[in-house]
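Asker: First the structure, then my questions, so here it is.
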Amino acid sequence: MGQVRNRFVRIVLINLIQSLMSVVVFFQLILPTSAQEKPTPFKDVSASSGIDHIFEVYEGTFGGGVVVFDFNNDGWEDLFITGGVGDDQLYLNKGDGTFENVYEGSGLKTPKKYVTQGAISADVNRDGWRDLFVTTIKLRDSKDPIPRAENLLFINNGDGTFRNATEEFGLDRYQTFSTGAMFGDINNDGYPDIFVGNYFNMFDGKLHIMNDAIIVGSNQMAEGLLLINKKGKSFENQYEKYGLGFKGFGFGGVFSDYDNDGDLDLIVNHDFGYKSIPNQFFQNQYPKARFLDIADSMDMDLPINGMGLAVGDYNNDGYLDYYFTNIRANPFMVNQGPGKPFLNQNEELGIKINMIREKGRPSLPISWGANFADFNHNTNLELFVANGALNPEVFPIPNYYFELENGTYVNKASEKGVNDRGLSRGSVVFDYDNDGDLDLLVINQYPVNDGLTSIPSSLLYRNDASEGNWVKVALQGRDTDLNGIGSRVEVVIGDLTMIREIDGGSSHLSQNSVIAHFGLGDAEKVDTVRVKWLGGGEQVMVNQQVNQLLSIEQVPSARFPYVWLLALLIATAVILFFLKQRKPLSD
């Protein structure tokens, strides 16, 4: 009798469990999905958009850059991505959410095979079309010690193709191991100049076995290049002339007007800064052709592994701040104004992450690209950071996405859907679909499969996180750089003033969009848009509509509004003087 009763109880329990499971399944079908299953604010659209890229590494850990530029002037921003040992890629934005790789037939493919690293773009000859500068470390098939290759300059023909102008512009004379570069008009003549970060003076070992001992015992650090644009006809290296006599394991940097004086200053990233030469910081002495070393007095001689950096005024005080990527903690250097040292506030701002854990093991954060942007249109700058291990050890390190909350930054990468575990390097922000918010592209080196996720390629994230209003500003220079590189845009809504500096190269070996973007929250109009052109001169527009792209052309002589008047007065005085000196003709 007991066995029968026990069997009866088991049958009842089984039927009850099955009924409960059916109820659970029913409610899962009719109720909203759980938080983990909800669509994330950023969606990976790499495959659907046609982006299929992976950076192929030469031996070590170097490289992986991307530049955003509208090379055919159709209003849709395109991409050039370096390939390392593999072919580079030129992605034409077709305006329907997709890209087409048009590298073949573009004129960018050269007979010699280069190991490419980073890329930047500007209109170097002022013909109305964006040109392309690509950094390299060596030729693929060369057995010689590095460096043994020149960087590449491609001039835009205006018909969807480029021509290799490296030799024409005198750049073939510089055989370098180059990493990052940036455009900026440092002498305010309207032609964009170039700074190139070089890593090695000479190296004949294997890049993947570099370590502190090799670095400390070496004399292989390289000087950079300061390439002055000679009226759109050639470039001349004036590194020594401008007082830049330092060497280092260079990873590029930025041109940026840190002191708001209308000229571009220079920040240089150095790897192994704690063992050799730290980061460098120079104040432009324009109109003198010289940079002044102020790194020590401004506390910007950072002894870090300087991989890259982001530029943005995070606290909207009118001065640009700088976030540096590094191994371990990333310095967040807050600008206190002219003459005052920068403050590293990565702890106060909540972003000092010393150690993360993956699969039960501690891992050092190793950061590369970084970007400030108002992704969600709440008027605050978010911060994206691309992380990736050093080759050949490929343990996964998720990327970071920081949102500013109550004065501190909180990492929400997982919640936002951008915490991929690829070997990330360069990263850029741009509005690829022209819907008014900023999207994100992250360059990965090669696939990693850690059992949790597989990252087959670089990633394009479409931004679905924005809620508020926005405005975008595109500059059209006349006296300055034609795309406004280095100039500044201010947007005022109520008591809030936000600033953006037009990027000529930043992040890691990359360059963001040159279109300034502002989130406006619930503001229904833009009170003021102010453009501060590089070199001087301002333009102001008031009472502008939200949710639009403003295209602002520099007015004649806005850069030097009083120079022409002064010249006219001097010329008039000279003419009057000579008229008075003339004697009347004799009869």
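Asker: Among the GluC sites (Glu not before Pro) within the range 467-534, which fall in a DSSP loop and have no more than 14 other Cβ atoms within 10 Å of their own Cβ?
Answerer: Of the GluC sites (Glu not before Pro), the ones in loops of the range 467-534 whose Cβ has at most 14 other Cβ atoms within 10 Å are 467, 524.
Asker: For the range 186-344, give the magnitude of the charge dipole about the Cα centre (Cβ charges: +1 Lys/Arg, -1 Asp/Glu; no others), in debye to the nearest 20.
Answerer: The calculation lands at about 480 debye.
Asker: Something else now. What's the carbon and sulfur percent of the range 45-142's accessible surface, probe 1.4 angstrom, rounded to a whole number?
Answerer: Looking at the range 45-142 in its full context, I get 47 percent from C and S.
Asker: Still on this structure, please answer the following. With θ set to phi - 60° and the Karplus curve 6.51 cos²θ - 1.76 cosθ + 1.60, what are the ³J(HN,Hα) couplings of the range 340-352 in order, to the nearest whole Hz, using x for Gly and Pro?
Answerer: For the range 340-352, the Karplus-derived couplings read 9, x, 6, 10, 7, 10, 5, 6, 4, 8, x, 10, 7 Hz, x marking Gly and Pro.
Asker: A further question on this structure: In whole Hz, with x marking every Gly and Pro, tabulate ³J(HN,Hα) for the range 91-98 from phi via Karplus 6.51 cos²θ - 1.76 cosθ + 1.60, θ = phi - 60°.
Answerer: Once rounded to whole Hz, the list reads 9, 7, 7, 8, x, 10, x, 10.
Asker: Moving on to the next point. So, with +1 on the Cβ of K and R and -1 on the Cβ of D and E, and no other charges, what is the size of the charge dipole of the range 43-89 about its Cα centre, to the nearest 20 debye?
Answerer: Using only the charged Cβ atoms, the result is roughly 140 debye.
Asker: Something else: Go through 279, 314, 298 and say which Cα lies farthest out towards the positive end of the charge dipole of the range 264-324; charges sit on Cβ, +1 for Lys and Arg, -1 for Asp and Glu.
Answerer: 279
Asker: If you don't mind, another one. Within 10 Å of each candidate Cβ there may be at most 10 other Cβ atoms; applying that plus a DSSP loop requirement, which trypsin sites (Lys or Arg not before Pro) in the range 219-263 survive?
Answerer: Passing sites in the range 219-263 are 231.
Asker: For the range 234-239, what does the Karplus curve 6.51 cos²θ - 1.76 cosθ + 1.60, with θ = phi - 60°, yield as ³J(HN,Hα) per residue in whole Hz, taken in order and with x for Gly and Pro?
Answerer: Going residue by residue, I get 6, 10, 10, 6, 10, 4 Hz, with x marking Gly and Pro.
Asker: Right, here's the next one. Could you sort 202, 300 by accessible area so the largest value comes first, with the probe set to 1.4 Å?
Answerer: Output order, biggest surface exposure first: 202, 300.
Asker: Residue 336's amide H: which non-local residues (gap 5+, or another chain) put their own amide H closer than 5 Å, with H modeled 1.01 Å from N in plane and none for Pro or chain starts?
Answerer: Those lying under 5 Å, H to H, from residue 336 are 343.
Asker: List the residues whose amide H sits under 5 Å from the amide H of residue 326, counting only those 5 or more places along or on another chain, with H placed 1.01 Å from N in the peptide plane.
Answerer: It is 307, 367, by chain and number.
Asker: Moving to a separate point now. Under a Cβ-only charge scheme (Lys and Arg +1, Asp and Glu -1), can you give me the dipole magnitude of the range 145-207 about the Cα centre, in debye to the nearest 20?
Answerer: 340
Asker: So, counting K/R as plus one and D/E as minus one, what does the shell of residues with Cβ under 11 Å around residue 117 add up to?
Answerer: Result for the neighbourhood of residue 117: +1.
The values are calculated or read from the model by the stated rules, or taken from the named source; none is laboratory data. Keep in mind that what you see is a predicted model, and the values were worked out from it rather than measured. Here the Cβ is made from the backbone with ideal geometry for all residues, glycine too, and neighbour counts use every protein chain on show. SASA here: full protein model, heavy atoms, side chains in, ligands and nucleic acids out. Shrake-Rupley method; radii C 1.70, N 1.55, O 1.52, S 1.80 Å.
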